[in-house]
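Quick notes on the structure that follows.
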Amino acid sequence: DIRNLLKWIKTNLLKERPELFMQGESVRPGILVLINDADWELMGELDYKLQDQDNVLFISTLHGG
């Protein structure tokens, strides 16, 4: 499920400042999560069971400057 994917990302991919991506066991507010081009809120969020060939995309809606 997405919950385990986020744990894996935090452990294996995020080398510095994981708090910019994660808050608790979920993504921080301001990060849009799309599963197969649909908002993850429509798919069950953390409980969505990943399927072969699923495309998961994380988009930050926050910017600085």
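FYI, it's all coordinate maths here, none of it is from the lab. Everything numeric here is computed off the predicted structure, so don't read it as measured data. Every residue, glycine as well, gets a Cβ built from its backbone with ideal geometry; the counts of neighbours run over all protein chains shown.
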Item to check | J(HN,Hα) series, the stretch 39-56, from Karplus relation 6.51 cos²θ - 1.76 cosθ + 1.60, nearest Hz, glycine and proline x | outcome: 4, 5, 4, 7, 9, x, 6, 4, 8, 4, 7, 5, 10, 4, 6, 5, 10, 10
Checklist entry - Counting only residues 5 or more places away or on other chains, whose amide H sits under 5 Å from the amide H of Ile31 once H atoms are built in the peptide plane? => result Thr61
Next on the checklist: Using the Karplus curve 6.51 cos²θ - 1.76 cosθ + 1.60 with θ = phi - 60°, what ³J(HN,Hα) values do you get for each residue of the stretch 21-33, in whole Hz, with x for Gly and Pro?
Outcome noted: 10, 10, 9, x, 9, 10, 7, 5, x, x, 10, 7, 10
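Test of understanding: express the Cα radius of gyration of the stretch 2-60 as a ratio to 2.2 N^0.38 Å, with N the residue count. List each step's numbers first, then the result.
Values: Rg = 11.1 Å, N = 59, 2.2 N^0.38 = 10.4 Å.
Normalised Rg, Cα atoms only: 1.07.
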Checklist outcome for this item: Extension length gain for Ile31 and Arg17 (0.36 nm per residue less Cα distance), in nm, is 3.5 nm
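Let me check I've understood the local charge: for Asn4, count other residues with C-beta under 12 angstrom from its C-beta, Lys and Arg +1, Asp and Glu -1. What total comes out?
Details: positive: Arg3, Lys7, Lys10, Lys49; negative: Asp1, Glu25, Asp47.
Computed value for this residue: +1.
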Next on the checklist: Given points 7 Å out from each Cα along the Cα-Cβ axis, report the Asn4 to Asp52 separation in nanometres with one decimal.
Outcome noted: 1.6
